[in-house]
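Trainee: Attaching a single structure in structure tokens format; questions to follow.
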Amino acid sequence: MQGLFAIVGLTLKAAIRYRVVIVLSFLLLASVVVLPLMIKHDGSAQGFTQILLTYTLSAITFLLGFATLWIACGSLAREVQECQIQMLAVKPIARWKIWLGKWVGIVIINAILLGVSSSAVYGITLWRAGQLSESQQEVLENEIFVARGSALPDYPDIEPYIDEYMAERLEENPNLVDMDPTYVRSQVEEQVKASQQVVRSAHIRRWSIPVSSPESVKDQPMFLRVKFFTSRPYDTSTYNVLWQIGPPETPQRERLSMDIAPETPIEFEINPNLLDAEGNLIVDIYNDNQEALLFPLEDGIEVLYKQGGFGWNYLRGMLVILCWMGFLAAIGLAASSFLSFPVAAFVSIGILIVGFSSGTLSQVIEQGGIGGINHETGRKDSASGLDYIALPIAKGLLNVINLVKDFSPVSFLSTGRSITVSILFQALTQIVLVMGGIFAAFGIWAFYRSELATAQGNQ
Amino acid sequence: MKLLIGRYSRYFLILFMVIMVTCAGFMQRSMNRARADMGLTRLQPLENAPPVLAFTTVALGGFRGLISNMLWIRATQLQEDGKYFEMVQLADWITKLQPHFVTVWVHQAWNLAYNISVKFPDHEDRWLWVQRGIELLRDHGLKYNPQETMIYRELAWFFQHKMGANLDDANMLYKAEWAAAWDQLLMEGKPDYEVLLDPQTPEDKERVQVMRDVYKMDPAIMQKVDEEYGPFEWRLPESHAMYWAFLGLKVSEREKDYIQLRRVIFQGMQMAFLRGRMIEFPVADPSAPGEFSKAFEFGPNLDITEKTNSAYEEMMGADEKYLQNIGTAHKNFLRTAVYFLYTHNRMQESEKWYDYVREKYPDSINSTLEEYVFARVEEEFGSTSQDRLKGMLMGFIERSLIDIAMGQEEKAIAGEMLARKMRKRYYDEINESQVVRIKLPTVQEMKIELLARLLDPEEGLNELMANQLRTRLGLDEDYDPKKALGELRATAQVEGPQPEL
């Protein structure tokens, strides 16, 4: 381990010698201080705090990410190029230790920089919040400076219903046998789903939402987050609904009449202590409109409740960002293990661009191929030869990318969502151990195979 | 010598660079002129832009569109996810990347004021977004595009439709917030142009400064609007719609778009006629006895009948394409004016407009004035238009109060009963979900509102009639209708609405 630590120490010394740490610290702190002065917001305390957290943490992530790639590519490729690596390679130290030592060194640099800059963001955010009125501070305490857990309704498994309904349909209409069975099943599935999602005009629907730890939410404010659709696309009108929340026929049951807009999530506070004896939140909605309203099973209705404090949540969020930095360091080092500095930087950035293109990849999968879609269905009518190659590649790439991208600590922090320990462990496993590990294995393998003493181009 | 040059070469180079940049600056001016003369510049150079914006628009060149697209995609995605806190910043960047693209300003402002605002169930939150939409157009859009008709039209529309109309459930909050803000700026609710045009005291100077800096409004133009179309109640959003449409007509260069601003003006006049009078009254705070805050109600502004008519006629002359439609609207306005003036006991004016409408549109009224008004009552009996019905009810109650003053009690009771029946019928017609949005004041509330006007020594009945009214209603000499209305409202808030019949 002594050799490994020695490399870590050398990497840190090099970073300090080249003033990377100082310059980056200055840049990060400047962005943290200057950004709040420049950004425009909706005028509310919540809006300002949310945009402050989002923009400063995103700026830190971007700057650190870019610097990490640069350092990672430079530290190995330049040393090889300038023949400095030979001084290390002739020492009794395994190459994997050199590679890993550099990675650890870069991660430590990141940890220091992230620690300094995120502490500054934390301090500034809390300081600015402290300047607000008590009522606004209370709103921030409940909605943003908090780690809120989420609970969804218990929906029954719809597969048996689909099978049953499908059998009935086929019996009623034997011609359906001639149709594409996948298509028929998807139609039946939508019909079954609709029975659980739709609230017809002048009707009531009830949801029972189990909250995992009822005791912990006692006397704590809770929030209902709802999202619905109507039959009209891009609907900008509002709909009158009446909510009745809490155990039926009890005095604490809360009635809220409101006009709400479709297609995007709406969040509103509800009274505390509305759970029934079993720890369920009973929510009834009365649809007082001519139109039916559809609340999707996935995110139609959700309860948000306090699960923990902001400080630890913030720390966990920063650790997820550090995982990303570790992954970027692995990419940069892997590329620089067998490529010269400019090429390694180019390849690393190329990999990132593919990562950022996950939207395009999802679109290819959704549309069933590349280009030439039928605008009526939004899909390709028939797959071309190219699609047979492109689709599996897109699916594979997307799965791999999602292992890293499925985490959104900045978004969670700015909306007061809980980043649990299990999410942190999942991030560590997926981003660092699995994805970072793959790049590390490849990088170490390439580093072992590279001829370090070959005459370099610049000599 | 060589050593000297070598030592100071760096400074020579810096000096050389400065000279070259300065020369390039001079050259750039003449090149820009030449480009404009030869018609090589499609877009006008950006004026009034802050340094950052001027730099980005020049430095980014063709990439501006690309970055703008990316920001637009992000804004759409965030909107779908219900994350609105970045929208103001994104709209600011998008519009500033394409500052001369008018539809971008209009779209972004519309998105903030209309699409995003309604996503918030809380009306206070909605108001924030409506303000942001207005600010984007007024404070920034017009700064870079001071002659763009579409921006004036859109801004006027926000005032007239988003805030002025009752389609948004939060419309009363918008009106109240706007009225409260302008109540601070105007002395006793009305602009005193002598003071506003030449403020002397520090307080007056500050008020004018706020009008100019915050609301970007010029008291001289307000005066012109009042002279040409008013007098208006400047605490109402419709008056501000008129202001921006009027200003647009004065400064815009695109004559083909004028018609849109003229439409705003005549529609604004119509709305101001129907409910352009603001009645303020104190509301008692149930939680703090003895404390009052200001609240507002709206009534028809019959003083602008003549000018509303002129606006219609001007519009008919200018908008040949929709001549028939505007003619129909004009005819309906005149019929309503006859009816409103009659029910508000302005008999002479009612007769004047009755003659006018029959002359202008011979098929409009085929009966005597009294027969027409009576038939209109029957017709309006089933009306579910909040503004029209309220105007009519106010008219009946006013007539009833005057009948009381004149000692015609039976007639007065009949008038009031009719008003009560009509109100009840209205509530029977609208559905439960509309009650909050398009509610009507109670007859008692309307009666006290009208008493405030009728007992006003300057605007109301003459002294004899006012005293007779006080006596017959059993009111004390120090009876304050505004205070009474406030107390009535406070009671209604605590105990719920009072039964009407």
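Every read-out reported here was derived from the displayed coordinates using simple, explicitly stated rules and does not represent laboratory data. Predicted model only: the values in this text are computed from it and were never measured. Cβ atoms come from the backbone with ideal geometry, glycine included; neighbour counts cover every protein chain shown.
Trainee: How crowded by other chains is A:46-56, given as the mean number of beta carbons from other chains within 10 Å of each beta carbon? Kindly include the intermediate steps, with their values, before the conclusion.
Mentor: On the way: counts 2, 10, 1, 1, 4, 6, 1, 1, 5, 3, 0.
Across A:46-56, the average partner-chain Cβ count within 10 Å equals 3.
Trainee: How long are the semi-axes of the equivalent ellipsoid of region A:130-195, defined as square roots of 5 times the Cα gyration tensor eigenvalues? Whole Å, largest first. Each step should come with its number before you reach the end.
Mentor: Working: eigenvalues 521, 26, 14 Å².
Rounded to whole Å, the semi-axes are 51, 11, 8.
Trainee: Starting with the fewest neighbours, write out B:ASP192, A:ASP259 ranked by other beta-carbon atoms found within 10 Å of each beta-carbon.
Mentor: Details: B:ASP192 12, A:ASP259 20.
By the 10 Å Cβ count, ascending: B:ASP192, A:ASP259.
Trainee: Can you pull the Kirkwood radius for region A:348-432, inverse mean 1/r over Cα pairs, to one decimal in Å? Before the final figure, lay out each step's value.
Mentor: On the way: mean 1/r = 0.0672 Å⁻¹.
Hydrodynamic radius (Kirkwood, Cα pairs) of region A:348-432 is 14.9 Å.
Trainee: How do B:15-28, A:397-410 rank on mean C-beta neighbours within 10 Å, highest first? Don't skip to the answer; put the middle values down first.
Mentor: Working: B:15-28: 9.9, A:397-410: 17.2.
Peptide ranking by packing, descending: A:397-410, B:15-28.
Trainee: Which of the pairs B:LYS205/B:LYS307; B:LYS352/B:LYS424; A:LYS227/B:LYS216; B:LYS352/B:LYS483; B:LYS390/B:LYS483; B:LYS307/B:LYS483 have their Cα atoms more than 30 Å apart in this structure? Let's see the in-between values first.
Mentor: On the way: B:LYS205/B:LYS307 32 Å; B:LYS352/B:LYS424 33 Å; A:LYS227/B:LYS216 38 Å; B:LYS352/B:LYS483 37 Å; B:LYS390/B:LYS483 22 Å; B:LYS307/B:LYS483 33 Å.
Too far apart for the 30 Å limit: B:LYS205/B:LYS307; B:LYS352/B:LYS424; A:LYS227/B:LYS216; B:LYS352/B:LYS483; B:LYS307/B:LYS483.
Trainee: Under 14 Å from the Cβ of A:LEU53, count the other residues' Cβ atoms, weight Lys and Arg +1, Asp and Glu -1, and hand me the total.
Mentor: Working: positive: A:ARG128, A:ARG417, B:LYS83; negative: A:GLU143, B:GLU86.
My count for the surroundings of A:LEU53 gives +1.
Trainee: Give me the lysines in straight-line cross-link reach of A:LYS91: C-alpha distance below 24 Å, same-chain residues under 8 apart excluded.
Mentor: Excluding near neighbours in sequence, the set is A:LYS13, A:LYS102.
Trainee: Which semi-axes, in whole Å and largest first, does the equivalent ellipsoid of the protein assembly as shown have when worked out from the alpha carbon gyration tensor as the square roots of 5 times its eigenvalues? Mind dumping the intermediate values first?
Mentor: Details: eigenvalues 798, 285, 163 Å².
Here the semi-axes work out to 63, 38, 29 Å.
Trainee: At 37 °C and 0.692 mPa s, grab the translational diffusion coefficient of chain A from Stokes-Einstein with a Kirkwood Rh over Cα pairs, rounded to a whole number in µm² per second. Don't jump to the answer; show the numbers that get you there.
Mentor: Working: Rh = 26.0 Å.
So the translational diffusion coefficient is about 126 µm²/s.
Trainee: Quick check: pseudo-label points 7 Å beyond the Cα along Cα→Cβ at A:VAL434 and A:GLN363, how many nm apart are they?
Mentor: That separation, rounded to one decimal, is 2.7 nm.
Trainee: Report, in debye and to the nearest 20, how large the dipole of chain A comes out about its Cα centre when Lys and Arg carry +1 and Asp and Glu carry -1 on their Cβ. Mind showing how you got there, number by number?
Mentor: Working: 31 positive and 42 negative charges, 633 e Å.
Dipole size: approximately 3040 debye.
Trainee: Any idea which of B:TYR243, B:PRO99, B:GLY164 is furthest toward the positive side of the dipole for the protein assembly as shown, if Lys and Arg beta-carbons carry +1 and Asp and Glu beta-carbons -1?
Mentor: The residue sitting most towards the positive pole is B:PRO99.
Trainee: I need to check one value: relative contact order of chain A, counting alpha carbon pairs closer than 8 Å and at least 6 residues apart, in percent. Let's see the in-between values first.
Mentor: Values: 670 pairs, mean separation 101.7, N = 459.
Value for chain A: 22 percent.
Trainee: Charges only on Cβ, +1 for Lys and Arg, -1 for Asp and Glu: so what's the dipole of the protein assembly as shown about the Cα centre, in debye to the nearest 20? Mind dumping the intermediate values first?
Mentor: Working: 92 positive and 118 negative charges, 1199 e Å.
For this selection, approximately 5760 debye.
Trainee: What is the angle, in °, between the Cα long axis of helix A:437-449 and the longest principal axis of the Cα atoms in chain A? Nearest 10 is fine, range 0 to 90.
Mentor: 20 degrees
Trainee: A further question follows. So how do B:234-245, A:91-102 stack up, highest first, on mean other-Cβ count within 10 Å?
Mentor: Numbers: B:234-245: 27.8, A:91-102: 17.8.
Listed from highest to lowest mean packing, they are B:234-245, A:91-102.
Trainee: Per-residue mean of other chain beta-carbon atoms within 10 angstrom of the beta-carbon, peptide A:36-43?
Mentor: Details: counts 0, 0, 2, 5, 11, 7, 14, 8.
Counting Cβ atoms of other protein chains within 10 Å of each residue's Cβ and averaging gives 6.
Trainee: To continue, here is another question. Hey, could you get me the Stokes-Einstein D for region A:163-286, Kirkwood radius over alpha-carbon pairs, 4 °C and 1.567 mPa s, rounded to whole µm² s⁻¹? Can you show the working numbers first?
Mentor: Details: Rh = 17.3 Å.
It diffuses with D of about 75 µm²/s by this estimate.
Trainee: Let me understand region B:157-225 better: what is its radius of gyration from the alpha carbons, and its Dmax, in angstrom?
Mentor: When restricted to the Cα atoms of region B:157-225, Rg and Dmax are 13.5, 42 Å.
Trainee: Hey, another quick one. Based only on the alpha carbon positions, what is the Kirkwood hydrodynamic radius of region B:59-123, in angstrom?
Mentor: Numbers: mean 1/r = 0.0814 Å⁻¹.
Averaging 1/r across every pair of different Cα atoms and inverting gives 12.3 Å.
Trainee: Take every Cα-Cα pair in region A:240-287 and report what % of them are more than 18 Å apart. Write down the numbers at each step before the final one.
Mentor: Working: 352 of 1128 pairs.
Of all Cα-Cα pairs in region A:240-287, 31 percent lie more than 18 Å apart.
Trainee: Let me ask something else about it. Using only atoms on other chains, find how many Cβ atoms lie within 10 Å of each Cβ of peptide B:111-120 and report the average.
Mentor: Values: counts 1, 1, 0, 1, 5, 4, 2, 8, 9, 7.
The per-residue average across the peptide is 4.
Trainee: Then there's this: Evaluate the distance, in nm, between pseudo-label points positioned 7 Å from the Cα of B:CYS23 and of A:ASP163 along their respective Cα→Cβ axes.
Mentor: According to this spin-label approximation, the distance is 8.7 nm.
Trainee: Moving on. May I ask which residue of A:ILE423, A:ALA77, B:TYR361 lies farthest towards the positive end of the charge dipole of the protein assembly as shown, with charges of +1 (Lys, Arg) and -1 (Asp, Glu) on Cβ and the Cα centre as origin?
Mentor: A:ALA77
Trainee: Students often check this: by mean Cβ neighbours within 10 Å, which of A:217-229, A:19-31, A:151-163 ranks highest, and how do the rest follow?
Mentor: Working: A:217-229: 18.3, A:19-31: 15.9, A:151-163: 13.5.
Result, highest mean Cβ count within 10 Å first: A:217-229, A:19-31, A:151-163.
Trainee: Moving on. Under 20 °C and 1.002 mPa s, how fast does region A:21-126 diffuse according to Stokes-Einstein, given a Kirkwood radius computed over C-alpha pairs? Answer in µm²/s, whole number. Walk me through the numbers on the way to the answer.
Mentor: Details: Rh = 15.8 Å.
The calculation lands on 136 µm²/s.
Trainee: Starting from 0.36 nm per residue, how many nanometres of slack lie between A:SER195 and A:GLU278 once their C-alpha separation is accounted for?
Mentor: Gain in length upon complete extension: 27.3 nm.
Trainee: Sorted from largest down, what three extents in whole angstroms do the Cα atoms of region B:151-196 have along their principal axes?
Mentor: 36, 24, 11
Trainee: Calculate the tail of P(r) for region B:129-281: the fraction of all Cα-Cα distances greater than 28 Å, expressed in %.
Mentor: On the way: 1647 of 11628 pairs.
So the pairs more than 28 Å apart make up 14 percent of the total in region B:129-281.
Trainee: Further question: In nm, give the distance between the simple-model label positions of A:ALA441 and B:ASN69, each being 7 Å from the Cα along the Cα-to-Cβ direction.
Mentor: 3.9 nm
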